[in-house]
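Taken together, the values in this text are just the output of simple stated rules run on the coordinates, not laboratory data. Just so you know, these numbers come straight off a predicted model, no measurement behind them. Note that we place each Cβ from the backbone using ideal geometry, even for glycine, and neighbour counts take in every protein chain shown.
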Amino acid sequence: MIHFDDLETRSADQRAAEQLAGLQAQIARVMAAPDTCLPGIAAIGDLADLARLPVLRKSQLGEWQAAAPPFGGIPVQNVAHVFQSPGPIYEPGGVTHDWWRMGRFLHAAGFGPGDVVQNCFGYHLTPAGMIFESGARAVGATVLPAGVGQTELQVRAARDVGSTGYAGTPDYLKVILDKAREMGVQLRITKAAVGGGALFPSLRAEYAERGIACLQCYATADLGNIAYESPAMEGMIIDEGVIVEIVRPGTGDPVAVGEVGEVLVTTLNPDYPLIRFATGDLSAMLPGQSPCGRTNMRIKGWMGRADQTTKIKGMFVRPEQVADFVAKHPEVARARVIVTRDGEMDAMTVQVEAAGGDAAAYAASAAESLKLKGNIEIVAPGSLPNDGKVIDDQRVYD
């Protein structure tokens, strides 16, 4: 079977209609919860209305969980596991079929019945190990729950049980392969499904030279699988169980296709409803569809962090403040704060992308929004880099 299920090849209209129905049910579920901590959630009439709802940030989730442990009042159900991520943040886990939707990625990566997956994601407190194990079961593969470390034992186990696939961080597979070569052991691994770190092109090429096809996914402990590569390797296809938006950092305002912004994810899993959850990651939507036949939208992949909060002259400046400045001026398309050093002092320049305007007025407005005075530089529309940065700290600390 080329595709995991029929959802992957839906028409855009069918997908939108079914996502809207799922989203409306999710919102109704949240609004009916007696102790929910998702303020501002309201019924919507179409998918475009999603942009009117508030953004949920991980810092808020931590505050809510501290006040109402373990899940902060979010209406969670069917909990089989509770996991802990740094913060600490607690995430629920379920055991129903493909609860984290990782099977879709593993299927695209060529995993299936007859494969033995050496799962080198951690199983202690964090959910990564269980996420990939659940996906392996969804495609009918056998799992060797290897975890991280004890590389020599990993090599022996891989040889003895006949591991054909690897799941784990991109670089740890190389550690296993190098140890196997050192030990004179021939392994049977021919495919790899990786996440949790950057897959550099040179490393992917090295795996290919060793006869291993390596694909990557974009997943988090809170949300499960968000997007994944297919053998076409033209961007990352958005998972069918989530709605992804790309917004201007510090806001909830969607950006145009191709523009870099922060990734917001809304899950359609009724067991753990997260609506407009901010990942803190930067990416961009790609136009068109994947050549592999999957019809959902695609993102470019991980392109950096959206949380660019920076301390300038002893004061924190946040992307939300830059967004507040831009919102005051309809003629301003974008703005960017540049932080440098002038001698032994911090210096701030605000680049304002506009066709014109009064620099003095912009300076006063920026000082009001940013709580700091800085130089104003008016630049031509479209001239600021498309990299998602609204605060660019150019100070050198070494």
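With the crude spin-label approximation of a point 7 Å out along Cα→Cβ, what separation in nm comes out for Asp342 versus Gln84?
4.8
Any chance you could run the full-extension gain for Ala208 through Ile2? It's 0.36 nm times the residue separation minus the Cα-Cα distance, nm to one decimal.
Details: separation 206, 0.36 × 206 = 74.16 nm, distance 2.17 nm.
So the extension gain works out to 72.0 nm.
Lysine pairs in the chain with alpha-carbon atoms under 26 Å apart, 8 or more places apart or on different chains: how many are there?
Taking the Cα cut-off of 26 Å, the pair count is 22.
Quote to one decimal, in nm, the extra length available between Ala355 and Val95 on full extension: 0.36 nm per residue of separation minus the C-alpha distance between them.
Working: separation 260, 0.36 × 260 = 93.60 nm, distance 5.52 nm.
Value of the extension gain: 88.1 nm.
Report the extension gain between Ala25 and Thr190 in nm, rounded to one decimal, defined as 0.36 nm multiplied by the number of residues separating them, less their alpha carbon distance. The partial results should precede the final answer.
Working: separation 165, 0.36 × 165 = 59.40 nm, distance 4.16 nm.
Length gained, Ala25 through Thr190: 55.2 nm.
HN-Hα J couplings of segment 372-382 from phi, Karplus 6.51/-1.76/1.60, θ = phi - 60°, integer Hz, Gly and Pro as x?
Going residue by residue, I get 9, 8, x, 6, 10, 10, 7, 10, 5, x, x Hz, with x marking Gly and Pro.
With a cut-off of at most 13 other beta carbons within 10 Å, and DSSP calling the residue loop, which GluC sites (Glu not before Pro) in segment 337-398 qualify? Please list them. List each step's numbers first, then the result.
Details: sites: Glu344, Glu353, Glu368, Glu377; in loops: Glu344.
Filter output for segment 337-398: Glu344.
Can you give the charge dipole size of segment 143-245 about its Cα centre, rounded to the nearest 20 debye, using +1 on the beta carbon of Lys and Arg and -1 on the beta carbon of Asp and Glu? Walk me through the numbers on the way to the answer.
Values: 9 positive and 13 negative charges, 120 e Å.
In total the dipole reaches around 580 debye.
What does the charge count around Leu7 come to, taking other residues whose C-beta lies under 9 Å from its C-beta (Lys +1, Arg +1, Asp -1, Glu -1)?
Details: positive: Arg10, Arg15, Arg104; negative: Asp5, Asp6, Glu8, Glu18, Glu240.
Counting the neighbours of Leu7, the net charge comes to -2.
Around Ala213, which amide H atoms from residues at least 5 apart in sequence, or from another chain, sit under 5 Å from its own amide H, with H modelled in the peptide plane?
Those lying under 5 Å, H to H, from Ala213 are Lys191, Ala192.
Taking every pair of alpha-carbon atoms in segment 172-248, give the share separated by more than 16 Å as a whole percent.
Working: 1687 of 2926 pairs.
Roughly 58 percent, rounded to a whole number.
What net charge is computed for the residues neighbouring Thr164, neighbours being all others with C-beta under 10 Å from the C-beta of Thr164, Lys and Arg scored +1, Asp and Glu -1?
Values: positive: Arg188, Lys191; negative: Asp115.
Charge balance in the 10 Å sphere: +1.
If you line up the Cα atoms of segment 80-131 on their principal axes, what length do they span on each, largest first, in Å?
37, 22, 16
Can you give the helix-only mean residue ellipticity at 222 nm for the chain, where every DSSP H stretch with n ≥ 4 adds -39500 (n - 2.57) and the sum goes over all residues, rounded to the nearest 500 deg cm²/dmol? Please report the intermediate quantities before stating the final value.
Values: 9 runs with 101 residues, N = 398.
Calculated from helices alone, the mean residue ellipticity at 222 nm is -7500 deg cm²/dmol.
Using the Cα centre of the chain as the reference point, and only Cβ charges (+1 on K/R, -1 on D/E), how large is the resulting charge dipole? Debye, rounded to the nearest 20. Please report the intermediate quantities before stating the final value.
On the way: 35 positive and 46 negative charges, 113 e Å.
Approximately 540 debye in magnitude.
HN-Hα J couplings of segment 77-82 from phi, Karplus 6.51/-1.76/1.60, θ = phi - 60°, integer Hz, Gly and Pro as x?
9, 6, 7, 10, 9, 10
Summing Lys, Arg as +1 and Asp, Glu as -1, what charge do residues with Cβ under 14 Å from the Cβ of Trp100 carry, Trp100 excluded? The partial results should precede the final answer.
On the way: positive: Arg101, Arg104, Arg137; negative: Glu91, Asp98, Glu133, Asp222, Asp239, Glu240, Asp271.
Neighbour charge sum, excluding Trp100 itself: -4.
Amide H of Val317: which non-local residues (sequence gap of 5 or more, or other chain) have their own amide H closer than 5 Å, using H built in the peptide plane?
Under 5 Å from the amide H of Val317 lie the amide H atoms of Thr310, Lys311, Ile312, each far enough along the sequence or on another chain.
Where the centre of each part is set by its Cα atoms, how far does segment 282-315 sit from segment 215-230, in angstrom?
What the calculation gives is 13 Å, centre to centre.
Would you mind putting 148-155, 217-224 in packing order, based on average other-beta-carbon counts within 10 Å, highest first? Display every interim value, and only then the final one.
Values: 148-155: 16.1, 217-224: 23.8.
Ranking, from highest mean packing down: 217-224, 148-155.
If r is the Cβ-Cβ distance from Ala256 to Ala68 and R0 is 41 Å, what FRET efficiency results, to the nearest 0.05?
On the way: r = 38 Å, r/R0 = 0.93.
The pair Ala256/Ala68 has a calculated efficiency of 0.60.
Pop out the ³J(HN,Hα) list for segment 102-115 in order, Karplus 6.51 cos²θ - 1.76 cosθ + 1.60 with θ = phi - 60°, rounded to Hz; leave Gly and Pro as x.
Along segment 102-115, the couplings run 7, x, 4, 5, 4, 4, 4, 7, x, 7, x, x, x, 7 Hz.
Rounded to the nearest 20 Debye, what is the dipole magnitude of segment 184-305 about its Cα centre when Lys and Arg each give +1 and Asp and Glu each give -1 at the C-beta? Walk me through the intermediate numbers first.
Values: 10 positive and 13 negative charges, 72 e Å.
Its charge dipole is roughly 340 debye.
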